[in-house]
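Structure first, commentary second.
The values are calculated or read from the model by the stated rules, or taken from the named source; none is laboratory data. Please read all numbers here as calculations on a predicted model, not as lab measurements. Cβ coordinates were reconstructed from backbone atoms using ideal geometry, including for glycine residues, and neighbour counts include every protein chain displayed.
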Amino acid sequence: MTFNGDDIARDRNGNPILDRYGRPVRKRRMPSTPRNPQPPQRRPRREPAPEAQRPQQYIPPAPQPRQPAYQPRPTYQPPAQPAYQRPPRPPVSAPPVKRRKALPKPKGCLGTLAFLLVTLLVLTFVTFLWADTKLTRVEALPAQPIKNTAGTNWLLVGSDSRQGLSQEEIDTLQTGDDIGIGRTDTIMLLHIPRSGQPTLVSIPRDSYVNIPGYGQDKINSAFTNGGPQLLTTTVEQATGLRIDHYAEIGFGGFAGMVDAVGGVNICVEQPIDDEVINFHVPAGCQEMDGPTALSFVRTRHSAMGDLDRVQRQRQFFSALMSKATSASTLANPFRVFPLITKAGSSFIVGDGDHSWDLARLALAMRGGVKNETVPVGGFADTAVGSVVLWDEAASEALFAGMR
């Protein structure tokens, strides 16, 4: 692009004015005016049209109040707060009961066996309670017992009472006619220590001892004169051992218990032929039923008489307790239930004793006992008849070891 000298814009010094790119700036051209300008032509004035031809004048409508385009939101008014009222307490309900998860029931043979075992235990427990109600209780312990001694001591008495026996049973057992007030055929003291083996001591019924209130006499006369309580008092004073429990059984109960367990096996060292009670057994081990066992513990037909008798009584009592607590008896309901019921109706116990005390007695003897007889120092004829004298020193040593 070329510029002539008249088209270039210059500053006051005559220098060309350049733009930002270094090019000279061109002057602006002014529009040209004609030499003889014509005045402007005016439009002819329009005459107003006649009134009849004039259009009706527009009358605008009355202005309406203008509504604002923005409508403000109403001011938030919080709801009126009612007066504070304490919320009602929730109803008190019992704490939820935690239900125990049911144990899985065994199936098959184990389930049947468990059911039978539980049933047997329940029946045994119920039978024990029933037998406890059948026990005859008497006031057997002394009114003023001696001071307490070690272990637990039972006074076991076998009486010759025929109470509860019919005439047919008396004839079968060959006990003889009823003699009224019973006498003690057997007196034994069972000492159960806190640990160790129990000791079963036989006391000869003709032992010559002091009976409180009656003086010197045979020990079995204490039972005849004052019953179980006087006998217990006499044994306590003679031995120095405090009696904790009392159990008595008569002829009928003894024979019934033997039959309930199915008989007892006894080994006889020498043959016995007793014409008085019509009892004959050979030597050797043999099974004895109720009537035979009763004759075995009653007979005196031997060299030592009453001393041999107490040994046989002790021997048979230990064998009976062992058989009663054996597995063959406890696992056989046809034996254990008759045994419990027979014992309940046959035993006379102290007023504080129960059927489960008798069960503990039998279990204590299950493992075997140490058999003893009160040491004898001799015999004597007195006003009350032939009596057995104790060896005082040896007897004291025996009982002192159990105190």
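Check whether at least one residue in the range 302-315 is in contact with an Asp or Glu (Cβ under 8 Å, 6 or more places away or on another chain), within 24 Å of P204 (Cβ to Cβ) and of a type in the set (A, V, I, L, M), and report yes or no.
No, that holds for no residue.
Six or more apart or on different chains, Cβ atoms under 6 Å: show the pairs whose first residue is in the range 110-139 and free of Cβ contacts under 8 Å to residues at least 60 places away in the same chain and whose second is surrounded by 11 or more Cβ atoms within 10 Å (Cβ to Cβ).
Partner pairs satisfying both residue conditions: A114/P106.
Residues to consider are T329, T299, T341, T325; find the one that is in contact with a Phe, Trp or Tyr (Cβ under 8 Å, 6 or more places away or on another chain) and in contact (Cβ under 8 Å) with a residue 40 or more places away in the chain. Can you show your working first?
Values: T329 fails: in contact with a Phe, Trp or Tyr (Cβ under 8 Å, 6 or more places away or on another chain); T299 fails: in contact (Cβ under 8 Å) with a residue 40 or more places away in the chain; T325 fails: in contact with a Phe, Trp or Tyr (Cβ under 8 Å, 6 or more places away or on another chain).
Residue meeting the stated conditions: T341.
In the range 125-180, which residue that is at pLDDT below 85, among the small types (G, A, S) and assigned to a loop (DSSP other than H, G, I, E, B) is nearest to the chain's Cα centre (by Cα)?
Of everything passing the filter in the range 125-180, G164 is nearest to the chain's Cα centre (by Cα).
What's the number of the condition H280 fails, among (1) assigned to a helix (DSSP H, G or I); (2) over 17 Å from L358 (Cβ atoms); (3) in contact with an Asp or Glu (Cβ under 7 Å, 6 or more places away or on another chain)?
Status for H280: all satisfied but (1).
Working carefully through the options P72, P106, find the one that is surrounded by 10 or more Cβ atoms within 10 Å (Cβ to Cβ) and either modelled with pLDDT of 70 or more or not acidic (D, E) (or both). Talk me through it step by step, then tell me what you get.
On the way: P72 fails: surrounded by 10 or more Cβ atoms within 10 Å (Cβ to Cβ).
Just one listed residue meets the conditions, P106.
Considering only the range 313-322, I want to know if a residue exists there that is within 28 Å of the chain's Cα centre (by Cα) and among the hydroxyl-bearing types (S, T, Y).
So in the range 313-322, the residues within 28 Å of the chain's Cα centre (by Cα) come out as none.
Looking for residues that are within 28 Å of the chain's Cα centre (by Cα) and among the hydroxyl-bearing types (S, T, Y), one finds none in the range 313-322, hence no.
For R86, are the conditions met, namely being under 60 Å from the mean Cα position of the chain (by Cα), in a loop (DSSP other than H, G, I, E, B), at pLDDT 65 or above and exposed (fewer than 10 other Cβ atoms within 10 Å of the Cβ)?
Details: under 60 Å from the mean Cα position of the chain (by Cα): yes; in a loop (DSSP other than H, G, I, E, B): yes; at pLDDT 65 or above: yes; exposed (fewer than 10 other Cβ atoms within 10 Å of the Cβ): yes.
Judged against the criteria, R86 is a match.
Could you name every one of the strands (runs of 3 or more DSSP E) located completely within the range 192-262 that has at least 3 residues being in contact with a helix residue (DSSP H, G or I) (Cβ under 8 Å, 6 or more places away or on another chain) and surrounded by 19 or more Cβ atoms within 10 Å (Cβ to Cβ)? Let's see the steps before the verdict.
Working: elements: 199-202, 208-211, 215-218, 245-249.
In the range 192-262, the matching strands (runs of 3 or more DSSP E) lie at 199-202, 245-249.
Could you list all residues from the range 121-134 that are of a type in the set (A, V, I, L, M) and in contact with a Gly (Cβ under 6 Å, 6 or more places away or on another chain)? Can you show your working first?
Keep residues of the range 121-134 that are of a type in the set (A, V, I, L, M), which gives 121-123, 126, 129, 131.
Listed by number, the list holds a single entry, A131.
Please tell me if A114 is closer than 27 Å to G227 by Cβ and modelled with pLDDT under 80.
Numbers: closer than 27 Å to G227 by Cβ: no; modelled with pLDDT under 80: yes.
When the stated conditions are applied, A114 does not pass them.
Six or more apart or on different chains, Cβ under 8 Å: which pairs go from a residue in the range 351-378 that's without any contact (Cβ under 8 Å) to a residue 24 or more places away in the chain to one that's among the hydroxyl-bearing types (S, T, Y)? Could you list them?
P375/S395
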